[in-house]
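Here is the structure we will look at.
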Amino acid sequence: MTKSIADKIVANVEKVIIGKNDEVELALIALICRGHALIEDVPGVGKTMLAKSLARSLGCSFKRIQFTPDLLPTDITGVSVYNQKTGDFVFRPGPIIAQVVLADEINRATPKTQSALLEAMEERQITTDGVTHMLPEPFIVLATQNPIEYEGTFPLPEAQLDRFLLRISLGYPTHEQEVTIIEMQQRAHPVESLGQVVDVAEVLKLQEAVKDVYVDDLIKRYIVSISTATRSHEAVSLGASPRGSLGLFRATQARAMLKDRDYVTPDDVKALAAPVLSHRVIINPSSRMKDVTGVTIVEHVLNQAPVPGARPRDRTR
C-alpha cells in the first residue's frame, strides 16, 4: 500500500522531470524522512520544477523564497505589524510557513538570513517577537544553489549544511530526453496541468510507515563505520556528524520502502551514502586544490569499509 502511494508521486513528478527517476526518488526520500534537500546544479536543469511538481503532486501549499543579499530574516519568518484599529500587533506570516518551501539560490543571502531557516528546518517552528509558531505538516525545504558561480555568494556554514538530509544533483538530460522536453513545452509547461495524485493524509502515512522498516544491527554498525571513517580520512578537516549517521539510517529505511521491502540491505546504504554524507564532509585546503570532493571521499570510504553479511531476521524483535 505504501509503495503504491510512493509510486504515484514519483510517476506524476516524472511527467515534468524527464529521465531523472533516481533524483525524484531522492526528493521523495527526503520528504518521507521528514528531512530537507539541497539541490545543487547549474541553472536550467529543472531544480525549481522539481519542487513545484512535488508540491502539486501532494496537493501541498507551496512558497518560493528568492534569496538575495538584501533579504532579511523577517522576510522569511514573518513580522508583527501594529494594527491601529485594534491597538494590537498582528503577526503576518512569512513564506516559510508552507508545506513545501523552495529556497532558491540560498547561498546568495547573508549568513544572518540563512540562519533564519535553522530553527524551521530542525524544530519545525519559528519564533518571532518571543512567540513560537508551529509549521504545517508535512514540511520540507528544497534549497537550490549554483555550484559554478560563486561571485556575490555566501557559502552555507557547516551547521546549515548538516541540516539537509541529502544533496541532489540533477545533471543534464540526454540528447533524446532534451528533445522530449522541447516537444512537451511547445505550447505550455507540463507543470501547469499537473494534478494532485495523493493527499496530505497519505503523505503522513508514509512518514509513519517508514519507521517500521527493519534495520539489522550489522547494517547500523555499517552505517556508523562509514560516517566514522570520514572523520579520520587524511583529506578531511571535518567529517560527517552523528546527525549524518542518523540521516543515512533514516534514508535507507525510506529507500527500502520505495523498493517494496520491509528491511534494509547494504546496497541501500551504498546507494545513499554519497547523497547523505558528501555535503557534510569538509575537505582540507590542500586536498581541495587536488579537486578532491565529498563524493570521492565517501566513495573511497565505501570501498574500504567491510560490507556486512546476511543473517536471518529475528522475528521476535
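Could you look through segment 296-307, keep only residues that are β-branched (V, I, T) and within 14 Å of V269 (Cα to Cα), and pick out the one that is surrounded by the fewest Cβ atoms within 10 Å (Cβ to Cβ)? It comes out as V307. Looking at D291, D268, can you tell me which residue is part of a loop (DSSP other than H, G, I, E, B), among the charged types (D, E, K, R) and either closer than 20 Å to A27 by Cα or not assigned by TED's automatic domain parsing to the domain that holds P147 (or both)? When all the criteria are applied, what remains is D291.
Of note, A37 satisfies the criterion of being at pLDDT 90 or above, within 30 Å of I182 (Cβ to Cβ) and in contact with a helix residue (DSSP H, G or I) (Cβ under 7 Å, 6 or more places away or on another chain). For segment 5-21, a residue qualifies if it is among the small types (G, A, S) and either assigned to a helix (DSSP H, G or I) or outside the structural domain of K47 (by TED's automatic domain parsing) (or both), and the qualifying residues are A6, A11.
For segment 62-84, the candidate set comprises residues that are of a type in the set (F, W, Y) and in contact (Cβ under 8 Å) with a residue 24 or more places away in the chain; within that set, the residue that is surrounded by the fewest Cβ atoms within 10 Å (Cβ to Cβ) is F62.
Among the criteria (1) in contact with an Asp or Glu (Cβ under 7 Å, 6 or more places away or on another chain); (2) buried (at least 24 other Cβ atoms within 10 Å of the Cβ); (3) of a type in the set (G, A, S), the one G59 does not fulfil is (2).
Among the residues of segment 29-52, the ones that are surrounded by fewer than 24 Cβ atoms within 10 Å (Cβ to Cβ) and closer than 18 Å to Q99 by Cβ come to 6 in all. Taking the criterion of being farther than 30 Å from G294 by Cβ, touching a residue at least 60 places away in the same chain (Cβ under 8 Å), surrounded by fewer than 17 Cβ atoms within 10 Å (Cβ to Cβ) and in contact with a Pro (Cβ under 8 Å, 6 or more places away or on another chain), would at least one residue in segment 139-158 satisfy it? There is no residue in segment 139-158 that is farther than 30 Å from G294 by Cβ, touching a residue at least 60 places away in the same chain (Cβ under 8 Å), surrounded by fewer than 17 Cβ atoms within 10 Å (Cβ to Cβ) and in contact with a Pro (Cβ under 8 Å, 6 or more places away or on another chain).
The values are calculated or read from the model by the stated rules, or taken from the named source; none is laboratory data. Just so we're clear, the structure is a prediction, and the values are computed from it rather than from any experiment. Note that we place each Cβ from the backbone using ideal geometry, even for glycine, and neighbour counts take in every protein chain shown.
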